[in-house]
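Here is the structure we will look at.
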Amino acid sequence: MSNNSITFEEIMFTIMSATQDTFKSYMNTDIFAGKVEKKINPLQSDVVGIVGVAGDRVGYIIFATEKGPAEQIAKDLLMLDEADDEAISDAVGEVANNIAGVFKTKYHEQYGSVALGLPLVLSGRLRPMTDPPEQSTTDGSMSVQCKGVTIPFTTMDGRLHFRVMVYM
């Protein structure tokens with residue numbers, strides 16, 4: 001085990017690779033990363049999967065997409081003709097968990113002390129704590145108290161598009 005600390009760039013590239021590998025391995029789908037946003041922007045998504053990371057680095061890995069792509073991911077991953085809300089929730093949780101699992105495996109071997117929480121799947125608006133609160137307190141927002149990046153992904157044909165966010 002090394003005493004070197006993990007750089008945020010290492011984390012970001014590991015997550016990018018883990019996301020691409022997950023889609024290729026489990027769904028035989030090539031996805032491409034877009035321009036990384038090195039800030040936290042509000043994000044409206046129909047489906048969000050969150051996996052907590054604990055250890056030497058603490059944070060979250062978040063997978064967010066709209067219902068249409070989430071349905072397609074569920075159909076592809078679970079080999080279904082139609083995907084209901086339960087299948088969508090299972091698939092999004094599984095994708096988020098797989099991405100986080102690659103992160104855990106890589107950094108546990110190199111640095112030790114990495115643990116994952118169970119995946120949580122929900123829908124709602126994400127915004128950083130540094131944003132002023134909205135006028136309405138019943139807007140369903142979820143706040144995240146960390147800095148991070150947002151990595152957009154898409155397929156070449158555009159049928160799937162989603163974002164993976166890393167907050168650590």
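Select from the range 22-48 the residues that are touching a helix residue (DSSP H, G or I) at 6+ places or on another chain (Cβ under 7 Å) and modelled with pLDDT of 95 or more and list them in ascending order. T22, Y26, M27, T29, D30, I31, A33 - these are the residues of the range 22-48 that are touching a helix residue (DSSP H, G or I) at 6+ places or on another chain (Cβ under 7 Å) and modelled with pLDDT of 95 or more. Restricting attention to the range 56-68, does a residue exist that is over 14 Å from S45 (Cβ atoms), in contact with a Gly (Cβ under 8 Å, 6 or more places away or on another chain) and among the acidic types (D, E)? Yes.
The values are calculated or read from the model by the stated rules, or taken from the named source; none is laboratory data. Everything numeric here is computed off the predicted structure, so don't read it as measured data. So basically every Cβ, Gly included, is an ideal-geometry build from the backbone, and we count neighbours across all protein chains shown.
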